[in-house]
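First up is the structure itself, then whatever we jot down about it.
Every read-out reported here was derived from the displayed coordinates using simple, explicitly stated rules and does not represent laboratory data. Values in this document were obtained by computation on a predicted structure and should not be read as measured data. Here the Cβ is made from the backbone with ideal geometry for all residues, glycine too, and neighbour counts use every protein chain on show.
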Amino acid sequence: RIVYVNGAYLPAESASISIFDRGLLFGDAVYEVTAVIDGGLVDFHAHQQRLRRSLGELGIDFDPASIDLMGIHQGLRDRNGLDEGLIYLQISRGVADRDFLQPEGLEPSILLFSQALPLIDSPAAERGLAVITREDLRWGRRDIKTTQLLYPSMMKTEAVGGGADDVWMVDNGTVTEGSSSNAHILTADGRLITRGLSHDILHGITRAAVLDYAREAGLEIEERPFTVAEAQQAREAFATSATAFVMPVVSIDGQPIGDGRVGESVRRLRSLYIERSRERLTF
Ligand code: PMP
């Protein structure tokens with residue numbers, strides 16, 4: 001597998017970064033994950049816009065337009081023969097002696113790699129996910145896509161260890177998001193309820209696209225927080241992320257949603273998302 005590190009394409013085994021990289025020592029880094037289907041990039045520009053925003057919020061002085069990020073994505077795809085999967089991009093503040101004070105003027109570390117994965121034909125999407133809920137103990141700037149992912153990783157591991165698939169995190173009684181996805185429900189009268197954008201959640205690229213497509217398809221959308229009880233009584237529930245697309249959720253804390261099987265509306269939203277994404281790929 002070929003990866004990209006600081007200007008060079010290399011076999012993964014010979015790629016390296018410094019042990020003093022602030023991404024490693026402080027989680028002082030941001031990232032993006034872009035899906036590839038049919039050899040094309042999904043929503044490339046939206047991911048680059050969010051990357052720029054994350055860098056700005058952390059005060060990492062780097063203009064992502066100063067390098068050809070699209071060309072690097074394409075270069076990795078081509079070198080790895082990637083038809084379906086993901087491309088991961090990480091930018092850290094850079095390398096310096098360990099210090100809580102963020103040094104100025106560092107050269108950021110940039111790394112990208114690809115992973116081949118089946119995304120469209122997903123057994124999980126056929127089955128639907130069982131999620132458990134846990135208190136959201138992450139920091140208060142979840143809108144910045146940083147690499148400090150310890151808590152959601154711990155909670156996902158706890159969920160899977162207990163026989164579930166994932167976690168939905170809960171802050172002050174309302175659902176924030178999944179370990180690596182946004183959370184949504186559909187009511188019996190056909191409204192799509194999803195938490196509005198704030199510092200509480202990541203501003204999902206897939207969330208935004210799905211809301212656009214759902215609105216075009218005539219669904220009424222309500223952006224507001226919802227409780228676990230409301231989600232458990234919903235007709236259908238689902239998660240969205242760049243690699244899960246639209247992923248049905250069929251139970252929450254052991255309580256089946258609707259009849260406990262993947263519902264029609266979520267199935268349709270998933271197909272609609274894949275269809276519309278395919279029409280808009282970047283090659
Ligand atoms: N929330 C969190 C916490 C995430 O980690 C992710 C995926 N990285 C998402 C939501 C979904 O965002 P996107 O649709 O842009 O992948």
Starting from 0 in steps of 10 Å, tell me what percent of the Cα-Cα pairs of the range 194-283 lands in each bin. 15, 47, 33, 5, 0
Rg(Cα)/(2.2 N^0.38 Å) for the range 141-203, N = residue count: 1.21
Rounded, prolate or oblate for the range 72-178? Axes are the square roots of the Cα gyration tensor eigenvalues, ordered a ≥ b ≥ c, and the cut-off for rounded is a/c under 1.5. oblate
Projecting each Cα onto the charge dipole of the chain (Lys/Arg +1, Asp/Glu -1 at the beta carbon, about the Cα centre), which of S14, Q90, F283 comes out farthest on the positive side? F283
Would you mind checking the tilt of helix 150-161 against the longest principal axis of the Cα atoms of the chain, expressed as 0 to 90 degrees and rounded to 10? 50
Taking the alpha-carbon centre of each part, the distance from the range 215-238 to the range 30-90 in Å is 30
Can you pull a Stokes-Einstein diffusion coefficient for the chain at 20 °C (1.002 mPa s), Rh from Kirkwood over Cα pairs, as a whole number of µm²/s? 109
Rounded to 10°, Cα long-axis angle of helix 44-58 versus longest principal axis of the chain: 70
What do the square roots of 5 times the Cα gyration tensor eigenvalues come to for the range 2-116, in whole Å, largest first, as semi-axes of the equivalent ellipsoid? 25, 16, 11
Net charge of Cβ neighbours under 12 Å - reference R50; Lys, Arg +1; Asp, Glu -1: 0
Only helical DSSP H runs with n ≥ 4 go in: add -39500 (n - 2.57) per run for the chain, normalise by residue count and round the 222 nm mean residue ellipticity to 500 deg cm²/dmol. -8500 deg cm²/dmol
Cβ-based exposure ranking for V228, V30, in which fewest neighbours within 10 Å come first: V228, V30
What are the equivalent ellipsoid semi-axes of the range 127-175, built from the alpha-carbon gyration tensor (square roots of five times its eigenvalues), in whole angstrom, biggest first? 20, 13, 9
Taking amide H positions as placed in the peptide plane 1.01 Å from N, state which residues far from V3 in sequence (5 or more) or on other chains have amide H under 5 Å from it. L10, A12
Apply the Karplus curve 6.51 cos²θ - 1.76 cosθ + 1.60, θ = phi - 60°, to the phi angles in the range 102-112 and return the couplings in whole Hz, x for Gly and Pro. 6, x, 8, x, 6, 7, x, 8, 10, 9, 9
Select from H45, H203, H73 the residue whose mean-square fluctuation is largest in a Gaussian network model of the chain (Cα-Cα springs shorter than 10 Å). H45
Cβ-Cβ cut-off under 10 Å around V249, Lys and Arg +1, Asp and Glu -1: the net charge is -3
If we count other beta carbons within 10 Å of each Cβ, what is the order of T174, T194, fewest first? T174, T194
Quick one: helix 69-80 against the long Cα principal axis of the chain, what's the angle to the nearest 10°, folded into 0 to 90? 90
What is the distance in Å between the Cα centroid of the range 175-203 and that of the range 93-112? 34
Tail beyond 22 Å, pair distance distribution of the range 123-279 (Cα, percent): 34
Arrange R93, R224 by Cβ neighbour counts within 10 Å, fewest through most, would you? R224, R93
